[in-house]
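Student: Please see the structure below; I have some questions.
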Amino acid sequence: MSINKQCKLLGVPRSSYYHKPKRKEGLFNELLMQAIDRIYMEEPTYGSRRIRDELQKLGYDVGRKRVRRLMPVAKNAVPHHRIH
């Protein structure tokens, strides 16, 4: 039976069949975000490269692209510091 017929039979749009829900962050990413939070609280001027370096010093095997992707998520949980 085709996907189109199956969806009609169930009364759901065909797009629902193809929809992929957004993935939740894994346990390792949650740990990384907590570490990023701690580093960001100590040094709010650090960018992804410096945070990656700090994470590697702590023993995390992580690349800059992952840190860059997780930083906005982690920063939303941290109160913003205003630097003048």
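The values are calculated or read from the model by the stated rules, or taken from the named source; none is laboratory data. If you're wondering where the values come from, they're calculated on a predicted model, not measured in any experiment. Every residue, glycine among them, receives a Cβ derived from its backbone with ideal geometry; neighbour counts consider all protein chains shown.
Student: Could you give every pair whose Cβ atoms fall below 7 Å, whose first residue belongs to the range 36-65 and is among the acidic types (Asp, Glu) and outside any loop (DSSP other than H, G, I, E, B), and whose second residue is at pLDDT 90 or above and surrounded by 11 or more Cβ atoms within 10 Å (Cβ to Cβ), counting only separations of at least 6 or pairs across chains?
Tutor: Note: pairs meeting the criteria are 54/39.
Student: Still on this structure: I'd like the full set of residues that are at pLDDT 90 or above and among the small types (Gly, Ala, Ser), limited to the range 16-47.
Tutor: Within the range 16-47, 35 is the sole residue that qualifies.
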